[in-house]
Amino acid sequence: MLEKQTTFYIKQQNKKTVELDIIKRRKKYLINNEKGHPLFSLKEINDNLIHRIFLSKNRPFKMKVYQTEAEFFTFERLFSFFKHTINVYDSDCNLIGKVTKKLFRFRKYEVKNNQGKSMYFIASHLVKRSNFEIKGDNYSVGLIKKERSKSKKTFLKPNGSFGMELVENLSNEHKILLIAAVILIDFVHYNN
């Protein structure tokens with residue numbers, strides 16, 4: 001399914017109902033290919049409203065990645081105020097890897113495999129801070145871009161979508177880890 005995919009569009013799904021800022025809804029994302037066809041969806045499965053209200057971007061959560069209603073992967077984030085990490089598990093609950101925000105480094109992330117070996121570093125540009133470059137060992141792997149909504153209703157809220165372009169030779173597990181990195185970036189930097 002993901003072998004030939006190099007471009008992903010990740011958009012948070014918002015309900016069209018009026019919602020109060022005090023009520024934080026569970027996050028849902030839709031991941032499309034470059035033609036706009038859905039590849040899979042992500043759904044936060046936490047039921048703890050207290051965590052969503054008071055811990056906001058620091059809250060623990062578990063997200064299931066679905067492909068036509070079949071569970072594909074799981075993203076899990078434990079509670080932490082300082083160290084932001086998402087662990088990624090396959091459908092058999094085996095750890096694939098993790099994405100961690102670098103402590104005391106502004107807008108820098110590290111992607112590690114299941115043995116703890118560093119695979120990729122992700123850092124935002126100095127000028128275009130909504131662009132994040134993905135680097136391997138001295139080579140560029142891809143780019144993550146946050147696109148802001150142009151609507152006047154969402155002017156103050158960073159509502160929009162992420163685009164991610166990757167090189168062709170990445171495995172499915174690496175692509176899923178980089179999608180988890182996009183979700184962590186959204187939680188840490190763009191969570192309302």
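With a 10 Å radius around each residue's Cβ, average the other Cβ atoms per peptide and rank 115-123, 33-41, highest first. List each step's numbers first, then the result.
On the way: 115-123: 14.9, 33-41: 13.1.
Ranking the peptides 115-123, 33-41 by packing returns 115-123, 33-41.
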For H125, H174, H189, what ranking results if the residue with the fewest other Cβ atoms within 10 Å of its Cβ goes first? H125, H189, H174
Long-range HN-HN contacts of K27 with modeled amide H, under 5 Å: E44
Arranged by the count of other C-beta atoms within 10 angstrom, fewest first, what order do F162, F72, F106 take? F106, F72, F162
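FYI, it's all coordinate maths here, none of it is from the lab. These numbers come from a predicted model, not from an experiment. Glycine also receives a Cβ, built like all others from the backbone with ideal geometry; neighbour counts cover every protein chain displayed.
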